[in-house]
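In what follows, a structure is listed as structure tokens, so that the remarks can point back to it.
The values are calculated or read from the model by the stated rules, or taken from the named source; none is laboratory data. Predicted model, so just to flag it, every value in this text is computed and none were measured. Glycine also receives a Cβ, built like all others from the backbone with ideal geometry; neighbour counts cover every protein chain displayed.
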């Protein structure tokens with residue numbers, strides 16, 4: 001291949017010189033017209049009409065042909081040039097001694113770790129088989145059972161750690177994760193995704209939640225362990241077959257026209273297992289003139305939504321509508337609106353995990369597995385007078401009543417814009433022609449002095 | 001008795017001393033007469049500078065409203081140099097660290113270890129019975145401070161664009177206005193509301209407009225290019241183009257770019 005590469009300019013030179021040499025020799029030796037001696041002038045060179053590979057097209061002409069094929073080049077131009085000029089050796093077989101020796105060392109290390117994982121599994125099985133027997137019926141036995149459970153749990157956590165450590169040094173794993181091809185059923189990819197989320201996006205989310213005071217106003221405390229993404233459809237779902245989605249960053253202002261349609265929510269957990277979640281959208285900034293304060297309003301409430309590391313997409317408008325989509329909607333989507341003159345309103349989306357049936361503590365640590373969630377009785381919840389009205393909805397009370405655990409949150413804001421009146425009218429909301437103006441505060445009385453100077 | 005700095009001995013004292021010393025002296029060398037002794041006048045740094053800065057007039061700093069007083073927004077609560085006190089709930093700080101009230105209520109001076117372990121705060125509560133700091137993890141106390149009015153001219157709610165307009169909505173955030181048949185937009189362009197409250201074409205549309213016009217002209221067998229497409233090696237075409245360009249730039253220099261003649265400007 002290297003020889004071919006080196007010979008390319010030479011071959012080009014030979015090709016060119018052969019075409020010109022022929023004409024020149026003819027011109028010098030004979031008097032006849034060289035063009036007539038030639039059978040026919042060579043046809044003008046057309047660009048070769050072969051299909052271009054988007055991974056290897058790096059020259060301007062090649063990129064142009066690729067564009068004509070209606071394809072986009074993949075990767076940077078340097079990468080494409082490198083791929084086109086090197087042979088297609090798989091990365092793991094590159095012939096560099098230090099690299100291959102390092103790979104051999106890491107593979108040996110991985111073998112040892114896999115053996116250790118096997119041993120740990122055997123230990124856990126043996127421990128689980130052990131029967132707890134107590135002298136006195138009651139306290140001692142309960143204590144021993146608790147200790148055994150703790151040991152099993154911590155050994156399980158250690159097992160998950162070992163699984164991650166076995167794969168973390170593999171360059172192909174890192175490459176696959178960075179290309180977005182990581183399989184979320186495997187603990188290593190979940191670990192890498194979780195670390196990446198913790199390093200930046202989770203900090204941004206916490207900053208938005210604390211700076212905008214969602215945490216003391218809506219919930220007393222919130223420790224996000226699932227990552228969230230939010231997007232609104234840009235066209236009405238009735239007219240468009242496939243509507244475009246506009247992604248919303250945490251804390252963004254969303255125009256009323258956009259938030260009139262129910263959004264799509266992505267909920268990504270980082271521990272294995274399917275769990276049932278509740279999604280509640282609360283607006284804690286509803287102005288109340290009588291009490292000179294603010295009320296809470298629930299814009300959406302749905303329970304029993306199954307979420308797993310591989311099944312993360314939740315279309316809030318389609319929950320419970322078809323037999324396929326699971327989840328029970330207690331309060332359907334109400335468009336977000338802020339009346340004219342009122343301050344901006346925060347729409348907080350809280351994701352709550354439903355508890356397990358026998359109320360065992362849910363092990364939702366970084367490397368632990370999640371216990372099976374209990375289905376919430378949607379019928380009884382929809383008949384409870386505290387939770388079937390939107391105005392004055394108290395999320396703290398709802399969380400306490402059903403033993404839910406807040407695991408994630410998202411936030412967007414809404415304010416009065418040109419489309420709000422239309423959205424409110426379409427949704428049948430009273431008050432689209434109401435505006436708020438600041439109350440005049442009487443100034444404090446002060447002694448007016450006699451002279452004109454002290455007016 | 002006030003302290004005095006040591007004074008130099010008087011002439012009489014010196015004379016007595018000299019006589020005393022001369023009786024004790026063994027030799028009889030001529031003793032040089034005490035001709036002139038330098039006098040040192042008292043001068044000490046504690047006297048002070050003649051042209052230095054003196055202590056200025058008092059600036060009336062300190063608390064202007066005591067704890068529990070009713071205040072209205074804007075009232076000054078505390079004047080200070082630097083931040084001895086920090087603004088707490090419903091208070092704000094001016095450019096010279098003056099703490100003002102942000103809402104009507106009662107003044108409270110307090111410490112909030114959860115907010116900062118050492119700082120002192122001045123805040124406002126809405127009722128006399130309330131105190132600061134607020135309990136941790138509780139929903140904040142907030143006042144609306146507004147009244148609701150009927151809008152004098154209710155807004156005309158715009159019909160949703162995707163149902164009634166012929167042109168597709170292209171804007172990223174769902175708000176599109178196409179100003180057609182207006183003096184400002186004779187070309188009938190699709191103008192969308194951008195982040196700076198401008199109605200404008202998006203940048204990619206502007207960038208593609210040239211290509212689109214060329215494609216439309218090509219479809220009719222024409223071209224909008226002033227010159228033929230550049231062919232590397234065709235020096236004759238390049239020379240023709242440069243001749244035209246030079247002539248045009250010469251003309252522009254003589255005529256001026258857009259105003260009075262360029263020849264008039266110099267001199």
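Are any residues in the stretch A:312-342 out of contact with any strand residue (DSSP E or B) (no Cβ under 7 Å at 6 or more places or on another chain) and within 14 Å of chain B (Cβ to nearest Cβ), and if so, which ones?
Hit for the stretch A:312-342 is A:335, nothing else.
What is the number of the single condition among (1) at pLDDT below 55; (2) surrounded by 11 or more Cβ atoms within 10 Å (Cβ to Cβ); (3) more than 10 Å from every other protein chain (Cβ to nearest Cβ) that residue B:161 does not meet?
(3) is the only condition that residue B:161 fails.
State which residue is nearest to residue B:65 (Cα to Cα) when the search covers only the stretch A:432-450 and only residues that are part of a loop (DSSP other than H, G, I, E, B) and within 8 Å of chain B (Cβ to nearest Cβ).
In the first step, residues of the stretch A:432-450 are kept if they are part of a loop (DSSP other than H, G, I, E, B); the result is A:432-433, A:439-450.
Cutting the leftovers down to within 8 Å of chain B (Cβ to nearest Cβ) gives us A:432-433, A:439, A:441-444.
Working: A:432: 42, A:433: 41, A:439: 23, A:441: 18, A:442: 17, A:443: 15, A:444: 12 Å.
So, considering only residues that are part of a loop (DSSP other than H, G, I, E, B) and within 8 Å of chain B (Cβ to nearest Cβ), the one nearest to residue B:65 (Cα to Cα) is A:444.
Of all residues in the stretch A:394-431, which are facing another protein chain (nearest Cβ under 10 Å) and either over 25 Å from residue B:148 (Cα atoms) or in contact with a helix residue (DSSP H, G or I) (Cβ under 6 Å, 6 or more places away or on another chain) (or both)?
A:396, A:417, A:419, A:420, A:423
Tally time: how many residues in the stretch B:120-146 are touching a strand residue (DSSP E or B) at 6+ places or on another chain (Cβ under 7 Å), within 18 Å of residue B:72 (Cβ to Cβ) and within 14 Å of another protein chain (Cβ to nearest Cβ)?
Matching residues across the stretch B:120-146 total 8.
Run residue A:112 past the list (1) part of a helix (DSSP H, G or I); (2) surrounded by 12 or more Cβ atoms within 10 Å (Cβ to Cβ) and report the number of the one that doesn't hold.
(2)
How many residues does the stretch A:206-233 contain that are touching a strand residue (DSSP E or B) at 6+ places or on another chain (Cβ under 7 Å) and under 14 Å from residue A:249 (Cβ atoms)?
First, pick out the residues of the stretch A:206-233 that are touching a strand residue (DSSP E or B) at 6+ places or on another chain (Cβ under 7 Å): A:208-209, A:212, A:214, A:217-219, A:222, A:224-233.
Subset that is under 14 Å from residue A:249 (Cβ atoms): A:208-209, A:212, A:227-232.
The number of residues fulfilling the criteria is 9.
For the stretch B:50-83, which residues satisfy the criterion of being under 25 Å from residue B:118 (Cα atoms), over 23 Å from the mean Cα position of the chain (by Cα) and not in a strand (DSSP E or B)?
Selection gives B:61, B:64, B:65, B:66, B:67, B:68, B:69.
If you check A:162, A:155, which single one turns out to be modelled with pLDDT of 90 or more, more than 19 Å from residue A:190 (Cβ to Cβ) and under 34 Å from the mean Cα position of the chain (by Cα)?
Selected residue: A:155, the only one of A:162, A:155 that is modelled with pLDDT of 90 or more, more than 19 Å from residue A:190 (Cβ to Cβ) and under 34 Å from the mean Cα position of the chain (by Cα).
What number of residues in the stretch A:168-188 are free of Cβ contacts under 8 Å to residues at least 24 places away in the same chain and either within 16 Å of residue A:99 (Cα to Cα) or outside any loop (DSSP other than H, G, I, E, B) (or both)?
So the count comes out to 5.
Confirm whether residue B:89 is surrounded by 11 or more Cβ atoms within 10 Å (Cβ to Cβ) and touching a residue at least 40 places away in the same chain (Cβ under 8 Å). Give the steps one after another, and end with the answer.
On the way: surrounded by 11 or more Cβ atoms within 10 Å (Cβ to Cβ): yes; touching a residue at least 40 places away in the same chain (Cβ under 8 Å): yes.
When the stated conditions are applied, residue B:89 passes them.
Among the residues of the stretch A:369-421 satisfying the criterion of being in a helix (DSSP H, G or I) and free of Cβ contacts under 8 Å to residues at least 24 places away in the same chain, which is surrounded by the most Cβ atoms within 10 Å (Cβ to Cβ)?
To start, the set of residues in the stretch A:369-421 that are in a helix (DSSP H, G or I) comprises A:378-383, A:395-402, A:420-421.
Then keep just the ones that are free of Cβ contacts under 8 Å to residues at least 24 places away in the same chain; that gives A:379-380, A:383, A:397, A:400-401, A:421.
Details: A:379: 8, A:380: 9, A:383: 10, A:397: 11, A:400: 10, A:401: 13, A:421: 22.
So, considering only residues that are in a helix (DSSP H, G or I) and free of Cβ contacts under 8 Å to residues at least 24 places away in the same chain, the one surrounded by the most Cβ atoms within 10 Å (Cβ to Cβ) is A:421.
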